[in-house]
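Undergrad: My structure is below; once you've seen it, I'll send some questions.
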Amino acid sequence: MFAKITAAALSTALVTTALTSSALASDEAWTSGNRPVSGTVDIQYVDGRVEQSEVLWTAKVPSRIWIAPAINKCRDLVIPLTPQVPIETLDDLDVEAELWLESRGEMTADGSIYSSEWNPSGGVTQLRVEACDLHKQVGQQTLYIITEYEVSTNGLVSQYLSGRVTLPLTVKELTVCYRGKFPPTATKDLKQLKRKSCPKGWKKMKRSQAAKIWG
């Protein structure tokens, strides 16, 4: 039998308890709609021609981020990058990511992998893009992934080749469902779903209710 607890105590319990694959507790954002993406740089010639370089890295990048309503917590959008070039080439390679809410002209998240931060084995390296206040930014955003390759340096000034991938990314709210009385008294009485309706016997939590617990 679960003892009844207050909304404040429930909030603490949910945040501090490790819930498997839970959008309420995890620092990583729930994502879906992965797309294959590759990173290159543009090679510009004096006659005006532009060519793309060989593929420098590949990744699967989500098209959607799912968040629970009213939860004011930073989340990491994790993009695993797989190098497609030798380790020594990575010493000159930087990758940066920026998430923009262009309707407001606002960069909402960013992250980077600098040349010294690549996996020394040459394997997958995680690009982490930290996003905060996503519950205030539901809707369409744009993800830019910028690749820069250093071609020369004299120790003071460096020259780079760069390339950019532009991808739409949608921030969507999960439907939070509960059963029994509000606030729910145990984590088993909560569900987070990637759909608009709750299962039979469950109630949809209102934003105002979610704010009382997690806001």
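A short reminder: the numbers here are calculations on the coordinates, not readings from a lab. Please read all numbers here as calculations on a predicted model, not as lab measurements. Reconstructed Cβ throughout: ideal geometry from the backbone, glycine too, with neighbour counts over all protein chains shown.
Undergrad: Please list the non-local residues whose amide H lies under 5 Å from the amide H of residue 34, H modeled 1.01 Å from N, same-chain partners needing a gap of 5 or more.
TA: So residue 34 has HN proximity to 63.
Undergrad: Karplus couplings for region 52-59 from phi (6.51 cos²θ - 1.76 cosθ + 1.60, θ = phi - 60°), rounded to Hz, Gly and Pro as x?
TA: So the Karplus estimates, Gly and Pro as x, are 8, 6, 4, 5, 9, 7, 10, 6 Hz.
Undergrad: Whole Å is fine, so just give me how far the alpha carbon centre of region 52-66 lies from that of region 80-113.
TA: About 10 Å separates the Cα centre of region 52-66 from the one of region 80-113.
Undergrad: Which whole-number percentage describes the relative contact order of region 24-173, with Cα contacts under 8 Å and a sequence gap of 6 or more? Mind showing how you got there, number by number?
TA: Details: 347 pairs, mean separation 39.9, N = 150.
Across region 24-173, relative contact order equals 27 percent.
Undergrad: Could you tell me which residue out of 30, 166, 129 lies farthest along the dipole of region 24-173 toward its positive end? Charges go on the beta carbon: Lys and Arg +1, Asp and Glu -1, centred on the Cα centre.
TA: After comparing all options, I get 30.
Undergrad: Next question. May I ask which residue of 152, 39, 50 lies farthest towards the positive end of the charge dipole of region 24-173, with charges of +1 (Lys, Arg) and -1 (Asp, Glu) on Cβ and the Cα centre as origin?
TA: Checking the options against the dipole of region 24-173, the answer is 39.
Undergrad: Trypsin sites (Lys or Arg not before Pro), restricted to region 162-203: which are DSSP loop and have at most 13 other Cβ atoms within 10 Å?
TA: 181, 194, 195, 196, 200
Undergrad: Please list, in order along region 105-120, the HN-Hα scalar couplings obtained from phi with the Karplus expression 6.51 cos²θ - 1.76 cosθ + 1.60 (θ = phi - 60°), rounded to whole Hz, x for Gly and Pro.
TA: x, 10, 7, 9, 6, 7, x, 7, 10, 8, 4, 7, 10, 5, 4, x
Undergrad: Turning to a different aspect of this structure: Which cross-chain or sequence-distant (5 or more) residues have an amide H under 5 Å from the amide H of residue 108, H modelled 1.01 Å from N in plane?
TA: Residues meeting the criterion, in which the H sits 1.01 Å from N, are 99, 100, 101.
Undergrad: Further, regarding this structure: Quick check for me: using +1 on Lys/Arg Cβ and -1 on Asp/Glu Cβ, what's the dipole size of region 24-173 about its Cα centre, in debye to the nearest 20? Before the final figure, lay out the partial values.
TA: Numbers: 11 positive and 22 negative charges, 162 e Å.
Computed charge dipole of region 24-173: roughly 780 debye.
Undergrad: Applying the Karplus parametrisation 6.51 cos²θ - 1.76 cosθ + 1.60 with θ = phi - 60° to the phi angles of region 29-35, what ³J(HN,Hα) value in whole Hz is obtained for each residue in order, glycine and proline being reported as x?
TA: Result, ordered by residue: 6, 6, 9, 7, x, 5, 10 Hz.
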